[in-house]
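The values are calculated or read from the model by the stated rules, or taken from the named source; none is laboratory data. Since this is a predicted model, take the numbers as computed values, not measurements. All Cβ positions, glycine included, derive from the backbone under ideal geometry; neighbour counts span all protein chains shown. When the accessible area is computed, the model is the full protein with side chains, heavy atoms only, and any ligands, DNA or RNA have been set aside. Shrake-Rupley method; radii C 1.70, N 1.55, O 1.52, S 1.80 Å.
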Amino acid sequence: MGILEKISEIEKEIARTQKNKATEYHLGLLKAKLAKYRAQLLEPSKSASSKGEGFDVMKSGDARVALIGFPSVGKSTFLSLMTSTASEAASYEFTTLTCIPGVIEYKGANIQLLDLPGIIEGAAQGKGRGRQVIAVARTADVVIMMLDATKGEVQRSLLEKELESVGIRLNKHKPNIYFKPKKGGGISFNSTVTLTQCSEKLVQLILHEYKIFNAEVLFREDCSPDEFIDVIVGNRVYMPCLYVYNKIDQISMEEVDRLARKPNSVVISCGMKLNLDYLLEMLWEYLALTCIYTKKRGQRPDFTDAIILRKGASVEHVCHRIHRSLASQFKYALVWGTSTKYSPQRGGPDTQHGA
């Protein structure tokens, strides 16, 4: 029996098993096995694959955004509108067959936008060009999930399921669990909160499934068995996702209003160029970028050329961006802006944006 058949069998068993107190250990074990087989499925095959199979694009600019969606939802049209790159767009499915990069210039930042080929159901198992698309998506800072507003909610749940099965967690934070394998001493289990979804016995069963018999585990929040498995596997990617509903010119105003009020959602129309400026604002917010301007002593700041950094970056990061030798000779910086307690504020290399 191949890995795909084993995955299918486990998924069927999970679906038909009732969820109650008596079956929680059985379900926990099944989920651990499922995660293990999926990890094996994603590992590159040992045999040399044919050249030119993947389509990795060199990372450039200040941030990277991946456009994911089913065929014919308007990804290529969106790329052509937002960037100076022309991506072939047509009314038939699978117009885009490889990854096409473009650059959005916004607030002085260069944001790399990747138009990925349309995902089909079963992409995680390698159908279509699913695996390559998902591999590129894992390297992005934000995912824009393009959805057809005329097709209902089914697209969103299918895409989320595909990404979830390959370890991409959308709009979720990393579980607050301390986990460290040891050489001996058995499994040490503790929690600082009351656990309602996991128990010590279930944690031990899951660890034994992964052939881990000595480890230190500390739950700092009430996490589910799935989240604990994510911590053991360790290669999960947690990233923000913006759900973009295209083709709103083809649905009623009530439906547009309903979609626009959903969390992490933006409604647009590429055909009529509606609401694209608001989408850029939201994208900037999700990327958590900030503009820093330098100022020579006794002169006004230079607002033409910004240093783009992530929120939470320190003064040392700014030094490295200006010149790598600057940090070693650096003593202090004078910082102006809304994030300072008083203006100007004197800060050392470790002073963070917002501190």
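Would you mind getting the accessible area per residue of the range 177-235, heavy atoms of the protein chains only, 1.4 Å probe, in Å²? Don't skip to the answer; put the middle values down first.
Numbers: 3080 Å² over 59 residues.
So the range 177-235 comes to 52 Å² accessible per residue, rounded to a whole number.
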Practice item. Please report, as a whole percent, how much of the solvent-accessible surface of the range 177-235 comes from carbon and sulfur atoms (probe radius 1.4 Å). Key: 48 percent
Check your understanding: Going down the list K19/K180; K6/K75; K36/K172; K172/K311; K107/K311; K19/K262, which pairs span over 24 Å between their C-alpha atoms?
Key -> K19/K180; K6/K75; K19/K262
Review point. What is the local net charge at E13, summed over the other residues whose Cβ is closer than 13 Å to its Cβ (Lys, Arg +1; Asp, Glu -1)?
Key: +3
Exercise for review: Could you run the Debye sum over the Cα atoms of the range 233-340, one equal point scatterer each and no solvent, and tell me log10 of I(q)/I(0) at q = 0.10, 0.23 Å⁻¹, two decimals?
Suggested key: -0.52, -1.24
Study note, to complete from the structure: Heads up, the range 177-235 by the C-alpha gyration tensor (a ≥ b ≥ c square roots of eigenvalues; a/c under 1.5 rounded, else a/b over b/c prolate, else oblate) looks prolate
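About its Cα centre, how strong a charge dipole does the range 3-42 have in debye, to the nearest 20, once Lys and Arg get +1 and Asp and Glu get -1 at the Cβ?
Details: 9 positive and 5 negative charges, 24 e Å.
Dipole magnitude for the range 3-42 comes out near 120 debye.
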Review point. Along the positive direction of the dipole of the range 177-235 (beta-carbon charges: Lys, Arg +1; Asp, Glu -1; about the Cα centre), which of N235, L195, F213 reaches farthest?
Key: F213
**Study point:** Highest-first arrangement of 65-75, 106-116, 203-213, where packing means the average Cβ count within 10 Å
**Key:** 65-75, 106-116, 203-213
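Give the shape of the range 176-291 as rounded, prolate or oblate, defined through the alpha-carbon gyration tensor: a ≥ b ≥ c are the square roots of its eigenvalues, a/c under 1.5 means rounded, and otherwise the shape is prolate if a/b is larger than b/c and oblate if not. Intermediate values should be presented prior to the final figure.
On the way: a/c = 3.67, a/b = 2.88, b/c = 1.28.
Verdict is prolate for the range 176-291.
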